[in-house]
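To start, the structure under review is shown below, and the notes come after it.
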């Protein structure tokens, strides 16, 4: 897309969308949201960046191939399930631990780790498809 306005506003829009995707990911345990919709929002941000700046710029911004993000997400989600087996409970049983950092309690759970894995799987897969489609569109 060759619009000066779109190219100017796209980086700001992408930043807002990425922050919102993390917000949706983290609030997904108590309210609507979670890894799937957060990953879709993040992939949409990358697609917007690709439309505004070009596919090569979007691939450069990612640093690694999008499917590497998906593979990392699968490994993270599997790790969340395997951790429960190590504690002699059924696969994907939720486990929680609480850390105290500077007098602030931080709870970490295997459902949250699984959700983050889903986030990366969805982001990586949809980003790979979107960039491939934009690449074909630009070449035609």
Given (1) buried (at least 17 other Cβ atoms within 10 Å of the Cβ); (2) within 14 Å of residue 116 (Cβ to Cβ), index of the condition residue 43 fails:
(2)
May I ask you to list the residues in the stretch 97-139 that are without any contact (Cβ under 8 Å) to a residue 40 or more places away in the chain, within 24 Å of residue 53 (Cα to Cα) and surrounded by 12 or more Cβ atoms within 10 Å (Cβ to Cβ)?
129, 132, 133
Looking at the structure I just gave you, is residue 85 under 13 Å from the mean Cα position of the chain (by Cα), free of Cβ contacts under 8 Å to residues at least 40 places away in the same chain, surrounded by 12 or more Cβ atoms within 10 Å (Cβ to Cβ) and in a helix (DSSP H, G or I)?
no
For the condition over 17 Å from residue 120 (Cβ atoms), touching a residue at least 12 places away in the same chain (Cβ under 8 Å), buried (at least 20 other Cβ atoms within 10 Å of the Cβ) and in contact with a helix residue (DSSP H, G or I) (Cβ under 6 Å, 6 or more places away or on another chain), what is the one hit in 35, 94, 50?
50
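Since every read-out is calculated from the coordinates, none of them should be taken as a lab result. Computed from a predicted structure; not experimentally measured. Backbone-built Cβ (ideal geometry, glycine too); neighbour counts: all protein chains shown.
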